[in-house]
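Note sheet for the following structure.
The values are calculated or read from the model by the stated rules, or taken from the named source; none is laboratory data. What you see is a predicted model; the values in this text were computed from it and never measured. For neighbour counting, all protein chains shown are included, and Cβ atoms are generated from backbone atoms with ideal geometry for every residue, glycine included.
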Amino acid sequence: MKLSLVKRGAIVAAAAAVAGAGLTAAPAVTGAVGGASAATCKSESTETVSDAIIPSIKYIFQKSAPAEVGQGASITYSISVSTTGAGNPYVQGVWDTPPAELRDVKPTVKVKAFTLLGGILGGGGAFDKLIQERAVAPGDVTKDNASWRISHTGWAIFAGQAYTASFTYQLPSSVRVGKQLTSGGAAVRGTPDWSIGSKQMPNLTACTTVRAPNAGEAITGSLDSAGLGSSEGQLSSTGSLTDMIPAIIGGAVGGQDD
């Protein structure tokens, strides 16, 4: 689609604003809620279960999130399952309970899991490329009370090859700088039934502090507000604006009309 002069102007204005001010903007607000409170905002938690038959075998469940996230950006809660044993437990379902502020925001979900085709049969050898990341179809991400759920016939887990489900939520504009977002827990359904079964973990939580957006997030937000952003290929918090801005302006000015 060709860009109108108005849209080109919006892109150039957004890029120029960041180029002129964003690169020297005040540091993002961190720890705005105070030292004592910030110390209790833990970005990950772990729970370990011993196998009911062979106690030396452990199943480790972890939930994590970034320590900070820019206002208006997206936040990802990752739920991982690993084992210390040589057996192969299977994960058949994962439930993520986000913070109350995000419970009506449908997440996008990606899964990193063992795949035989991507590993041994893919020519990589027994321990190369065993874990592949794939997006879960939106229709397979369903609401379940206060949680969001994904299901499968069974993702295999091997020692040293963790399974991870990442739930990414877009922060509503109502979530302000300094807000601490503490997620609810998580649940995992899997085998062996005698050790995992339907494992409810209400204390498997993760906390994130919302900070002011940095320069990269600011330009992305400006483009989104002008209807010119994209859910794919967003500039990360460590993206290079010196590379990004000339490309944006060049593409906009050199673009075509509607």
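If you filter region 179-193 down to residues that are more than 20 Å from the chain's Cα centre (by Cα) and surrounded by 15 or more Cβ atoms within 10 Å (Cβ to Cβ), you find that the one that is nearest to residue 93 (Cα to Cα) is 189.
The C-beta contact set for region 46-58 (first residue touching a residue at least 12 places away in the same chain (Cβ under 8 Å), second residue exposed (fewer than 13 other Cβ atoms within 10 Å of the Cβ) and of a type in the set (Ser, Thr, Tyr), distance under 6 angstrom, 6+ apart or interchain) comprises 58/48.
Within region 157-188, which residues are assigned to a loop (DSSP other than H, G, I, E, B) and more than 15 Å from residue 211 (Cα to Cα)?
157, 159, 160, 162, 183, 184, 185
Of the conditions (1) in contact with a Ser or Thr (Cβ under 6 Å, 6 or more places away or on another chain); (2) assigned to a strand (DSSP E or B), residue 46 clears all except one; give me its number. Only one criterion in (1) in contact with a Ser or Thr (Cβ under 6 Å, 6 or more places away or on another chain); (2) assigned to a strand (DSSP E or B) is unmet by residue 46, namely (1). Checked against (1) modelled with pLDDT of 95 or more; (2) outside any loop (DSSP other than H, G, I, E, B), residue 154 passes all but condition (1).
Please determine, by comparing only the residues of region 194-210 that are assigned to a strand (DSSP E or B) and either of a type in the set (A, V, I, L, M) or buried (at least 21 other Cβ atoms within 10 Å of the Cβ) (or both), which one is nearest to the chain's Cα centre (by Cα). Ranking the candidates gives 208 first. For region 87-104, check the following and say yes or no: at least one residue is under 30 Å from residue 51 (Cα atoms), under 16 Å from the mean Cα position of the chain (by Cα), outside any loop (DSSP other than H, G, I, E, B) and at pLDDT below 95. Within region 87-104, not a single residue is under 30 Å from residue 51 (Cα atoms), under 16 Å from the mean Cα position of the chain (by Cα), outside any loop (DSSP other than H, G, I, E, B) and at pLDDT below 95.
Residues that are surrounded by fewer than 19 Cβ atoms within 10 Å (Cβ to Cβ) and farther than 23 Å from residue 202 by Cα do not occur anywhere in region 59-69.
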